Structure formats: structure tokens, C-alpha cells
Protein chains: 2
Amino acid sequence: PDWIIYRSARNESLKQNSQVTIYVSRTATKTVSEFEYDAPSMKTAVPGPKSQELMRQLGEIQNVGAVHFFCNYEESRGNYLVDVDGNRMLDVYTQISSIPIGYNHPALIKVMTNPNNVSAFVNRPALGILPPENFPDKLFESLLSIAPSGMSRVQTMACGSCSNENAFKSMFIWYRNKERGYASPSEQEVGTCMINQSPGCPDLSILSFMGAFHGRTMGCLAATHSKAIHKLDIPSFDWPIAPFPKLQYPLEEFVRENAQEEARCLEEVEDLIVKWRQKGRPVAGIVIEPIQAEGGDNHASPDFFSKLRNIARKHGCAFHVDEVQTGGGTTGKFWAHENWGLDDPADVVSFSKKLLTGGYYHRDELQPDKPYRIFNTWMGDPSKNLFLSEVLNVIRRENLLEEVTRSGKALLQGLYALQTQYPHILSRARGQGTFCAIDACNDATRDSIMLKARNKGLFMGSCGEKTIRFRPALVFKEYHVHQLLNILNNILAEHK
Amino acid sequence: PDWIIYRSARNESLKQNSQVTIYVSRTATKTVSEFEYDAPSMKTAVPGPKSQELMRQLGEIQNVGAVHFFCNYEESRGNYLVDVDGNRMLDVYTQISSIPIGYNHPALIKVMTNPNNVSAFVNRPALGILPPENFPDKLFESLLSIAPSGMSRVQTMACGSCSNENAFKSMFIWYRNKERGYASPSEQEVGTCMINQSPGCPDLSILSFMGAFHGRTMGCLAATHSKAIHKLDIPSFDWPIAPFPKLQYPLEEFVRENAQEEARCLEEVEDLIVKWRQKGRPVAGIVIEPIQAEGGDNHASPDFFSKLRNIARKHGCAFHVDEVQTGGGTTGKFWAHENWGLDDPADVVSFSKKLLTGGYYHRDELQPDKPYRIFNTWMGDPSKNLFLSEVLNVIRRENLLEEVTRSGKALLQGLYALQTQYPHILSRARGQGTFCAIDACNDATRDSIMLKARNKGLFMGSCGEKTIRFRPALVFKEYHVHQLLNILNNILAEHK
């Protein structure tokens, strides 16, 4: 396809002068101007010499095997990440999908420089016992303004793992309260829980799916099944693991086959719930991602999720939708589960990453009956809520969900075109909004494409066994889609 | 005892004018002036009407049973916490021991208003893959400048629970690598770990102590045994739990009895290690607090810890010292374990709270052999490292560890005097630095004293069954000690 080449001749001179330019989006419904670069610009192979020297230094302190390169965050702007060697890359991985509106967004810098906000950064409160005056207001104007359907309660936490751990705990507490008819716990329960024994610490389980990723603390990790490197050598729980549908793409072309596969998985879910109840480890909750991310960008249909939600209800299990990676607008809706069209999509919805604070929403019944059952020192960080409020303002003001839908369509169309042109290399293009992915023929080819792309100024992520995942910020426009496709196309054309 | 009354007549007029005064410490070795109030000042009972209204609002979103009152952090200064009803309290609980140098310290405000730091707040990186340029430098000048003896490696994390969870994981990985002779894992291990089964997810354990608190995520919670409300209804692991010495205070007066009690506990530790090995759940690590905090401020002698460390070494278990609450200078040393006088005090030391970032130090051998084994999206937060660097500068510049030692001595002497004067109410005064505690005769009396004190402008914490814990900031001076003792004395004199 004839991708328009945007790489500008002005590039070099610009860099030497101001490093920043005002760019007017070609495709936005209104004129959006922002501080951003206009294209990638590469000086060295990545990692360059400065990154390599810093890796050596950091290697004396930590395992640096996962470090790609060192960044100059001061000079990064919008969709462009600048490294310490002066390389400027179009970033469609965005710190593992956690930068909502690009680097150094002027609106966020304003939050920082507003003197009224200083105290929120300097005095981190123990939110569970001594919240700041504006805490309820800030929750209403940020997290509650985007609450999933049916949920008016939210608990902030520091990160995604803590959010899921505490969501699990809420489900266990809710389940046991139901079981004991909301009576006080027995003396035996109170006594045995102190020494990790049943009935105080009951043999309850969380049902999760093969390929799932819910975090790496020990509770979350017991529900995570994406890669061995995450789990090897860590003790775990005997919890049931259901198959996640392995669908064929594009979904529209394999409706019948995919429906069969989903039915098979749902049947297995019910079997496991019954089996684990019989084993004496009843399933208190089911946890699932709307799109399995780390596990390889695996999708399922709204029908699958709707039926799964009904199975949870039928068997008295809580239904926990983990939106840590899918939440925050990247699928074109604020929550990926909104695509299911359900009034009552979940009992618990957890988040982190693009929301800048971790946490989870839950239905009223999932609120712990007593204080200090869900608790820790900080319980989140109000300074992150300040940033989130402003991110939501920007999303609304700049119609970023529409933008994501538009860019996502262009991105997916482009990926379809690429896999048509290079069928021996690429397959299974898929996505929702800009939350897109494509498979390479094997992991070595995937890794090679990614390294070549990085050296040409396109920084992407991987997931699953041989998948490239695209996780751009919400300010990723059609202009950037074309840049991305252009670079990928050049690499694939040269690929042996 | 004749506590000097410091409450100043200037109080009212000051409040109406500037709300802030410059105070010159009566006892500091050099003249230290800082922005602080000079005394508590109470307008209403606590919680006042504004706090109650905000509790009602927040109650629609969260369980507020643990909320004491709502705070005006903007107006809080140094050791004084101001609430939304205009009450100003001497705060010796400091957000569950997590405010290192008092509220709104000018040095921290400078960090915030320094334009060079904006980017670190606005662009939160995924530290494990894309660290900022100054990350190694910042680690060297902050965390590594205070590294415990024998440790040159540190991993930051978001909170105390995540720190301990990942420390546990490091110990499991280290232990299994030893067991398999540093060979690659077998296919069976790689396969079984994906479905939570042994040998991939091995039956290893962490030995912890009754009364311990190590956090509330599911791994940490299995090593926590302080209160039933933390643990009830949450599934757990079958891990060994040793008795923590129940010592008599003052320690100097019960040397022989205490040594016997410690010997009993150490013997039990060895028995449990052997027993759990025989059970097929070998102990990979021992975790302990230098002073059990949440569990009731329980101390043990340097001799106990030294012998425990040797037991760990003898049986091939890693030794993890949890300094989440004790670390950061409050015991008069930067780390409480420095009081043991060992060259090789631990294999892992975890921290959070006053350090502002979570994390853990570890010996070289505890570094995971591969990347992505200890990993998450954020792996800490560089903006917290910036604050920590400045906190360490202030501690050094203002000799705060000496200050803590001096204030702590005055505080403990005062508590001794109070328990001598009110032996029917108070007993077991104990402490190291300002990390002090005293027991009431029962929990109702403890709670009543705490509420009365709060209404008189002294905000304290509780722990254990009937203990009051003192956790002031490092800027707590003898001047404040006398204020505290004065208020407590007034309450006790009136106590029936």
C-alpha cells in the first residue's frame, strides 16, 4: 500500500533549534494543536552508547536484563519518547500501556505547577484513617465520573497487583459472609485464622483462565497463567484454571467456529466450578480480562462475557473484570467491558496503569462489613487522583475516545493490509480501538521485526509467544498510524 | 512530675494572624528554626462537624469505619496536623509512621517547585524497562547511601506489601536455584508452574512469628499474625509460625528471664524448620521485624536476632528483616537492625513508609538469575526517590538521628515517670529512639485515653491489644516531648 511518507525534511533543523514544534492534526474533527515532534529521528542504534554505559552502572544495583534503553523524559513529547542518546521514537508501548495522554502533556504540567496542589504531593496521607478535605470531591470528579455501570463504590490502591489482591480479598470476605448468613464469625474461625488454618482461613478459590495475567503478588500470581518466567519457583494455590477461547480472526469471518470454541470454554468453566466445590475449595470469584493482554491479545465476544457473567451469578461466584490494561479509553470506550452492552457487567472492576492510580470499583454488596478488613498504610495516593482528574478533562475536551476509535480503525485496516501483503510473515491482526495486535510467524521473527523497528524509530511491545502489541497513548492520531505503518512496511519489504 | 506547660498565650492571636510562627528549639545543639506552630489548639471535639459531614459523603463511596477525621494538609506544619474543623494536634502517629520530617517541610516544597523535577512527576516510567537517565545516580545518592551492611543491591517497589511480596519471591527463587544446583528448570517444572502445581510451584514456606505484621496481600498476609480482622476469610498457606519472645520491661531489669524466653523461642524456630522440612514444605526464608509494631511493640534483644540469623544460615534459609515501620531513623539509627551490631545482619531488608518509596535491599546472591522474574509495570516511582533524597539531606543537615535519640530518651523517661505515678493504669513503657510504647490496663482504658488526648490536641496510635504507640516524625524534639507528657499527665490525673 502506498503509505504516505511523513518524515519531514525540517526534522534536523527543528531538532537543533527548539526540539519542539506545533503540529496541526490532519484528521481531527477540530484543529488540535499541541507540543509535539513531527516524526521519529534516530542518531544511533538502540540502545546507544550512553544507554549502554548507564546499563552497566545500574547493573551493579539491579538485574537490567529487561531494560531496553534509558530515557530522557524531559525531552519526550506526546507520542514521542526520546532516549539518552538523542534518539526520538514513536512510542506505541507507552510504559507498558500506562501513559494516558502522552509525555509532558501541558495540562499535567499545569497540575504540577499549581501552588494549590503542592501539599497533595508533599504530604502523602494514610487515606484510610486521615483523608484530605477534598478527597470525596476528587473521587466524585475523577473515578466516580467514569464508574462502570452498576457501581458507585471505589477503593484506590497503589498499583495493579494491590488492586487485584484486594479485589480478591473483597470477594472472599463477601463469599464467607454469605455462607455464614452474615452472622459474626465463630470463635473457632477467629482463632484458626491467626494460624493460617481453616475455617478462619477457608479453602476458597478464584477461577481464572489460561493465558491470563492479573499481577505478580502471590494471590494475583495464582490467577496468572501467561508465562512460566512469572510463576516458576513461587508457591501457589490449588485454584481452578479454565481455557480461554482461542478464536480465529477476523472475528466477523469466523462467527460460527468462534461461537463453538466459546461454548466449549464456558462448559469447562461450569464443570470446574462444580468440581472445585466438590473438592471443598468453592469458587468465590471468577476473574477475567476483557482482552487477555500479556497472554497474547486474545479476544472473546460480548456473548461469551455475557454468558460467563450469568454462570458466575448462577453459581453464586463474584464476577471480577480486570481492566488494568484495557481500561482508560484505549479500546474506544472508557472500559473495554462497555463493548459487551450489559447493564450489570460485573461485581468488581479493577484498574491501574492509564488511570495513574490503582484501585477497584465494586457493587455495594462487595463492601467489607467492617473497617480494617481492606486496608493498608497509604491506600492509593491523592496526588495521582489530581493527575487523573486532569487526564479525564483532556479526554473529554479533546474527544479522545472518538480519536482512538478513528485511529484504531486506521491502524487495524493497515495491519490487515500488511498481513495481506506479507502473509508468510504476519497473521491474525486484531484489535479494538488502538488496542491492536498482530502475530509474526514465530518468536524470532517477531523479535527481529521489533528490534529493526526500534532502530528506525518505532517502539512497540510484545506479548504472548509471537505477538506484537500496540498500546499507544490516547493522543495517537491517524497521522501517527501512517508513520507506524510506513516504518513497518519498510522493514517487512526488506525482511528475508 | 512537674511538666513545664508550654501552651502559649500567644496562641490565639497567632492563629488569627499568620497561622505559622518561627520557633527556636530549646534543646537542639544548634539553633534550628523552622516553620511550625508552637502548640496544639482545639476548636471542637474530634471529629468536628465538618469532618462528620465529609465522613457521611465518603461513606457513600467507601467503608469509613477507620477514618478518624479529615485533614487540612495545607495548614499542617512540622509535628502539627490540622483538621478541617481548625483543630491543630500534636501528631505522634504521623500517617501510620510514614511522614519522615513533618508536614510541609520547606525542603520538600522546594523539590516540588524546582522546574527540573516536573518531568519526574508527570511521566511515570516503567522503571524495569525504560528507566530515566538519572535513575542510577538517584539510587546511589538516596537508597544506596543508607544501604544496610553487606548490601549493595536494591529494588524499589510501590508499597510495603509489594516490597515484602517481592522479597519473599526473591527468597523462593534463590532457594530453588540452590536446590537444582543452578541448572535450568526441567520441562516438568516449566509445565507445572503454569497450572499452580508442584514442582514448578513448589511447596516452600516462609517462617514468621506470632504477632508479626508484614502486610496484607496474600503472600505477606500468610506471614502476618497480629489481628484476626486482617486475616479472617482470606485463604492462606500452611507456613510455620514461631513464638515471638514475650519480654518483660524495662529490658535491663529482666535480663535473665528475658534470655530464657528468647532461648525458648529460638528452640521452637529450629524445631519448626526441621518439622516443615520433614512435611515437604521446607522453609526458604525467615521474616521478622526488629520490633513488632502492629503486633504490640514487642522488642527482642540483639542476642536473639544474632542467634536467629545464625539459625537461618545453619539451615540454609534466607533471613529477611522487615524494616517497613522501624526503618528511616525513628529508633535513633537509620535501620533498627543496626542496634544488633552485626556485620552481616540479613540477606534481605525491606522498607517503605518513612522512606516514601517501598523496596528492599538484598545480598548479591538474592538477585534473580533472569529478568522479568521480579517485575511489574512501575517498580516504584522516581518522584518518590526525589523526595527521599531531600529527606536524607535534611536528616544529615539537621542531625536528626541525634535529635531522635535525645527526644526518645526524654520520651521514655517521661513514660517511666507516668507509669510510676499511675501504676494502676499504665505499665510496660518501652522504646528505642522515639519508637516508644506503653500499655494501658485494658483496651477500653487505652481507647478512652486516646480519645481524650485527641480532644486535647494529642494524636497517638494504638497497636496490639492495649498498647499506645508513639510514632512521631524525626523532627520531634524535647519541646514536643514535654507537650505530649503534659497532655497525657492531665488526662491521667483526671482518669477514674
Contacts under 6 angstrom Cβ, first residue in segment A:87-102 being of a type in the set (Ser, Thr, Tyr), partner part of a loop (DSSP other than H, G, I, E, B), 6 or more apart: A:TYR93/A:MET460; A:TYR93/A:ARG471; A:THR94/A:ARG471; A:THR94/A:ALA473; A:SER97/A:GLN325; A:SER97/A:ARG471; A:SER98/B:THR377
Yes/no for B:GLN62 being open to solvent by 10 Å² or more (accessible area, probe 1.4 Å), more than 10 Å from chain A (Cβ to nearest Cβ) and not in a strand (DSSP E or B): no
Residue in segment B:456-496 that is modelled with the lowest pLDDT, counting only those that are more than 24 Å from B:THR331 (Cβ to Cβ), assigned to a loop (DSSP other than H, G, I, E, B) and open to solvent by 10 Å² or more (accessible area, probe 1.4 Å): B:LYS496
Matching residues, segment A:44-54, being outside any loop (DSSP other than H, G, I, E, B) and either polar (S, T, N, Q) or facing chain B (nearest Cβ under 9 Å) (or both): A:LYS50, A:SER51, A:GLN52, A:LEU54
Single match in B:ARG216, B:ARG281 (criterion: among the basic types (Lys, Arg), under 28 Å from A:TRP174 (Cβ atoms), in a loop (DSSP other than H, G, I, E, B) and within 14 Å of chain A (Cβ to nearest Cβ)): B:ARG216
Segment B:329-348, subset open to solvent by 20 Å² or more (accessible area, probe 1.4 Å) and in a helix (DSSP H, G or I), residue farthest from B:GLU402 (Cα to Cα): B:TRP340
Qualifying residue in segment B:366-381 (condition: out of contact with any His (no Cβ under 7 Å at 6 or more places or on another chain), away from chain A (no Cβ under 11 Å) and among the charged types (D, E, K, R)): no
A:LEU392 vs. criteria hydrophobic (A, V, I, L, M, F, W, C), touching a Phe, Trp or Tyr at 6+ places or on another chain (Cβ under 6 Å) and modelled with pLDDT of 95 or more: no
Number of the exception - A:VAL190 against (1) in a loop (DSSP other than H, G, I, E, B); (2) among the hydrophobic types (A, V, I, L, M, F, W, C); (3) facing chain B (nearest Cβ under 7 Å); (4) surrounded by fewer than 24 Cβ atoms within 10 Å (Cβ to Cβ): (1)
All positions within segment B:385-422 that are among the charged types (D, E, K, R) and outside any helix (DSSP H, G or I): B:GLU398
Residues being at pLDDT below 95 and closer than 19 Å to B:LEU127 by Cα - total across segment B:142-186: 1
Segment B:193-213, residues that are touching a Gly at 6+ places or on another chain (Cβ under 8 Å), touching a residue at least 60 places away in the same chain (Cβ under 8 Å), at the interface with chain A (Cβ under 7 Å from one of its Cβ atoms) and open to solvent by less than 20 Å² (accessible area, probe 1.4 Å): none
Residue match in segment A:288-295 (condition: open to solvent by less than 20 Å² (accessible area, probe 1.4 Å), assigned to a loop (DSSP other than H, G, I, E, B) and in contact with a His (Cβ under 7 Å, 6 or more places away or on another chain)): yes
Qualifying residue in segment B:419-426 (condition: closer than 21 Å to B:GLU253 by Cβ and either β-branched (Val, Ile, Thr) or assigned by the TED database to the domain that holds B:GLU253 (or both)): yes
Subset tally (residues that are among the small types (Gly, Ala, Ser) and open to solvent by 20 Å² or more (accessible area, probe 1.4 Å)) for segment B:44-58: 1
From B:VAL46, B:VAL64, residue being among the aliphatic types (A, V, I, L, M) and farther than 19 Å from A:LYS138 by Cβ: B:VAL46
Matching residues, segment B:108-120, being open to solvent by less than 10 Å² (accessible area, probe 1.4 Å) and touching a residue at least 60 places away in the same chain (Cβ under 8 Å): B:LEU108
Some residue of segment A:122-133 being without any contact (Cβ under 8 Å) to a residue 24 or more places away in the chain, facing chain B (nearest Cβ under 7 Å), open to solvent by 40 Å² or more (accessible area, probe 1.4 Å) and not in a helix (DSSP H, G or I): yes
Whichever residue in segment A:322-367 is within 14 Å of the chain's Cα centre (by Cα) and β-branched (Val, Ile, Thr) and, among such residues, is farthest from A:ILE291 (Cα to Cα): A:THR357
The lone exception for B:HIS424 - which of (1) more than 14 Å from chain A (Cβ to nearest Cβ); (2) open to solvent by 10 Å² or more (accessible area, probe 1.4 Å); (3) closer than 21 Å to B:GLU338 by Cβ it fails: (3)
Residues within segment A:156-186 that are over 27 Å from the mean Cα position of the chain (by Cα) and either more than 10 Å from chain B (Cβ to nearest Cβ) or touching a residue at least 12 places away in the same chain (Cβ under 8 Å) (or both), tallied: 10
Filter result for B:ASN196 (part of a helix (DSSP H, G or I) and either assigned by the TED database to the domain that holds B:GLY285 or farther than 24 Å from B:TYR360 by Cα (or both)): no
Hits in segment A:136-155 (condition: at the interface with chain B (Cβ under 7 Å from one of its Cβ atoms) and over 25 Å from the mean Cα position of the chain (by Cα)): A:PRO136
For B:VAL82: the one exception among (1) over 13 Å from B:GLY457 (Cα atoms); (2) of a type in the set (Val, Ile, Thr); (3) in a strand (DSSP E or B): (1)
Count of segment A:391-411 residues which are surrounded by fewer than 21 Cβ atoms within 10 Å (Cβ to Cβ) and within 14 Å of another protein chain (Cβ to nearest Cβ): 1
The lone exception for B:SER149 - which of (1) open to solvent by 10 Å² or more (accessible area, probe 1.4 Å); (2) part of a helix (DSSP H, G or I); (3) of a type in the set (S, T, N, Q) it fails: (2)
Residue list for segment A:70-102, filter: more than 7 Å from chain B (Cβ to nearest Cβ) and either over 25 Å from A:GLY433 (Cβ atoms) or over 20 Å from the mean Cα position of the chain (by Cα) (or both): A:GLU75, A:ARG77, A:VAL82, A:ASP83, A:ASP85, A:GLY86, A:ASN87, A:ARG88, A:MET89
Flag for A:SER41 being crowded, with 19+ Cβ neighbours inside 10 Å, at negative phi and facing chain B (nearest Cβ under 9 Å): no
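The values are calculated or read from the model by the stated rules, or taken from the named source; none is laboratory data. Note that this is a predicted model, so its numbers are computed, not measured. As a convention, Cβ positions derive from the backbone with ideal geometry for all residues, glycine included, and neighbour counts pool all protein chains shown. These area figures cover heavy atoms from the full protein model, side chains too; ligands, DNA and RNA do not enter into them. Shrake-Rupley method; radii C 1.70, N 1.55, O 1.52, S 1.80 Å.
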